[in-house]
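Taking it in order: structure first as structure tokens, then the write-up.
The values are calculated or read from the model by the stated rules, or taken from the named source; none is laboratory data. Just so you know, these numbers come straight off a predicted model, no measurement behind them. Every residue, glycine as well, gets a Cβ built from its backbone with ideal geometry; the counts of neighbours run over all protein chains shown. With ligands, DNA and RNA removed, areas are computed over all heavy atoms of the protein, side chains included. Shrake-Rupley method; radii C 1.70, N 1.55, O 1.52, S 1.80 Å.
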Amino acid sequence: MPYPLLPRTPSGPRRRSLLASAAGAFVLVGCSAHESSTDTTGGSPSAADRARARAARDSGALAERYAAVITAHPALAERLRPLRAEVVRHAEAFGGTSGASGAAAPAGSPSAPASAFTSASASPSASPTVPVHEKDALAGLAAAERTLADARAKALLDVPGELARLLASVAAAGAAHAYLLTEGAK
């Protein structure tokens with residue numbers, strides 16, 4: 001009597017679908033980078049402008065965190081450089097800038113200052129704390145990516161079309177980053 005074959009179902013999202021989502025996110029980010037909001041009233045920033053500024057700040061803070069981990073754990077630099085470079089592009093897509101000091105070093109290099117997205121008056125003590133163990137540092141980055149992706153997914157409901165699409169694509173990229181950061185830990 002032949003035994004029936006049991007179907008293999010993956011426990012989580014498939015790698016191919018995550019990478020396809022990330023690739024689509026990068027295309028959308030490039031297409032939407034220069035959109036400007038026309039929803040301002042009387043000189044005060046609109047909800048879309050505030051959401052865009054908050055997203056740029058969040059991406060900047062995440063880029064700082066990547067830079068801090070790269071500096072603290074140089075063995076992870078090759079793995080983290082491409083992810084950090086994408087986070088920097090996300091910040092720029094939302095209207096953030098890498099600042100004059102951040103433009104001198106390549107976006108993924110560990111020599112790029114951790115304060116590239118903060119004001120010049122920020123103190124060094126404001127830099128992110130990096131866990132001693134590489135595995136913990138990667139887990140912290142993955143958690144930060146996941147949290148930010150979730151926040152962006154919620155925020156996209158309150159903003160107009162193009163910005164909502166940009167938030168959705170960057171949230172998808174963040175989810176893909178979280179997956180890639182935890183993939184090697186198993």
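Taking the stated definitions as given, is residue 182 of a type in the set (Ser, Thr, Tyr), open to solvent by 20 Å² or more (accessible area, probe 1.4 Å), under 20 Å from residue 131 (Cβ atoms) and out of contact with any helix residue (DSSP H, G or I) (no Cβ under 8 Å at 6 or more places or on another chain)?
Numbers: of a type in the set (Ser, Thr, Tyr): yes; open to solvent by 20 Å² or more (accessible area, probe 1.4 Å): yes; under 20 Å from residue 131 (Cβ atoms): yes; out of contact with any helix residue (DSSP H, G or I) (no Cβ under 8 Å at 6 or more places or on another chain): no.
No, not satisfied.
Condition (residue is under 16 Å from the mean Cα position of the chain (by Cα), at pLDDT below 50 and surrounded by 19 or more Cβ atoms within 10 Å (Cβ to Cβ)) applied to the stretch 138-153: is it met by at least one residue? Give the steps one after another, and end with the answer.
Restricting attention to the stretch 138-153, the residues satisfying the condition of being under 16 Å from the mean Cα position of the chain (by Cα) are 138-153.
Imposing the further condition that a residue be at pLDDT below 50 reduces the set to none.
No; the residues of the stretch 138-153 include none that is under 16 Å from the mean Cα position of the chain (by Cα), at pLDDT below 50 and surrounded by 19 or more Cβ atoms within 10 Å (Cβ to Cβ).
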> Do you know which of the residues in the stretch 57-94 that are touching a residue at least 60 places away in the same chain (Cβ under 8 Å) and basic (Lys, Arg) is farthest from residue 148 (Cα to Cα)?
Replying inline: 79
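So is residue 166 open to solvent by less than 20 Å² (accessible area, probe 1.4 Å) and either modelled with pLDDT of 95 or more or part of a helix (DSSP H, G or I) (or both) or not? Write out each step before concluding.
Values: open to solvent by less than 20 Å² (accessible area, probe 1.4 Å): yes; either modelled with pLDDT of 95 or more or part of a helix (DSSP H, G or I) (or both): yes.
Yes; evaluated as a whole, the condition is true for this residue.
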